[in-house]
Amino acid sequence: MAHPVQLGLQDATSPVMEELITFHDQALMAMFLISFLILYALSSTLTTKLTNTNITDAQEMETIWTILPAIILILIALPSLRILYMTDEINNPSFTIKSIGHQWYWTYEYTDYGGLIFNSYMLPPLFLNPGDLRLLEVDNRVVLPIEAPVRMMITSQDVLHSWTIPTLGLKTDAVPGRLNQTVFTATRPGVYYGQCSEICGTNHSFMPIVAELIPLKIFEMGPVFTL
């Protein structure tokens, strides 16, 4: 869960999010180095009174400042493509859960548990308990296991939505008439929050997502039926 004045990303709860955070830090460091080099060159040009006529037509320098940015872009693109393919991998998921977006709530269907279906609405402020998060808490949380591949089938019944949980590194569009899927493996239990990340209407910011991750042994005992 994000908190005020937070500078970095949320703590990772899945291997994919760990890779995304690592890639973010590496790309940010490259941007800092490039920005510092450019600012140093500009400040040196504006403050020094010395000029060298040999650099006005230097083929070697032009070659370097053309090839060096290309190398930097390749070093950034390769890990980015690696993570992109990681997010699309489907490796024998243990469970399949279907999420359907509506205006403005979510419907979850546990296809492996006799077709259990329930709706998840945001709790109004009058129904919040002490410690609940305003505009983020729901009446029925989606319960998911940890340390097991989970496949989320995501679609929509009316307009475009987006099923997003930042700490899991998940963001998949819910498109009417189309069934998208994503697979993730959570690494630690807890309650994690997300929101629809698509501008789906006037109540777009009032359809939160709350995932309660529990150990696999407890999940196999049928905790989803207690919702």
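The values are calculated or read from the model by the stated rules, or taken from the named source; none is laboratory data. Owing to the predicted nature of the structure, the values given are computational and were not obtained by experimental measurement. Note that we place each Cβ from the backbone using ideal geometry, even for glycine, and neighbour counts take in every protein chain shown. Quick note on the areas: whole protein, heavy atoms, side chains included, nothing else; ligands and nucleic acids left out. Shrake-Rupley method; radii C 1.70, N 1.55, O 1.52, S 1.80 Å.
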Inset, instruction - Would you check if Asn91 is surrounded by fewer than 15 Cβ atoms within 10 Å (Cβ to Cβ), in contact with a strand residue (DSSP E or B) (Cβ under 9 Å, 6 or more places away or on another chain) and assigned to a loop (DSSP other than H, G, I, E, B)? - result: yes
Inset, instruction - Collect the residues in segment 136-165 that are among the aliphatic types (A, V, I, L, M), more than 19 Å from the chain's Cα centre (by Cα) and open to solvent by 40 Å² or more (accessible area, probe 1.4 Å), keeping them in residue-number order. - result: Val159
Legend entry - Scan of segment 147-190 for residues that are β-branched (Val, Ile, Thr), within 24 Å of Lys217 (Cβ to Cβ) and either without any contact (Cβ under 8 Å) to a residue 24 or more places away in the chain or not in a loop (DSSP other than H, G, I, E, B) (or both), ordered by number: Val150, Ile165, Thr167, Val183
Inset, instruction - For segment 122-134, state whether one or more residues are of a type outside the set (A, V, I, L, M, F, W, C), in contact with an Asp or Glu (Cβ under 7 Å, 6 or more places away or on another chain) and in the same structural domain as Pro208 (by the TED database). - result: no
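Determine whether Ile67 is at pLDDT 90 or above and either more than 23 Å from the chain's Cα centre (by Cα) or assigned to a loop (DSSP other than H, G, I, E, B) (or both).
yes
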Legend entry - Selected residue (criterion: surrounded by the fewest Cβ atoms within 10 Å (Cβ to Cβ)) from residues of segment 200-222 that are touching a residue at least 12 places away in the same chain (Cβ under 8 Å) and assigned to a loop (DSSP other than H, G, I, E, B): Gly222
Legend entry - From the options Leu133, Leu84, residue that is outside any strand (DSSP E or B), among the aliphatic types (A, V, I, L, M) and either open to solvent by less than 40 Å² (accessible area, probe 1.4 Å) or in contact (Cβ under 8 Å) with a residue 12 or more places away in the chain (or both): Leu133
Legend entry - Residues of segment 6-29 classified as at pLDDT below 90, out of contact with any strand residue (DSSP E or B) (no Cβ under 9 Å at 6 or more places or on another chain) and open to solvent by less than 60 Å² (accessible area, probe 1.4 Å), total: 3
Legend entry - Residue, farthest from Ile165 (Cα to Cα), within segment 112-130, restricted to residues that are in a strand (DSSP E or B) and open to solvent by less than 50 Å² (accessible area, probe 1.4 Å): Leu116
Inset, instruction - Check Asn119 against each of (1) assigned by the TED database to the domain that holds Asp25; (2) under 27 Å from Leu216 (Cα atoms); (3) out of contact with any Leu (no Cβ under 7 Å at 6 or more places or on another chain) and name the one condition it does not meet. - result: (1)
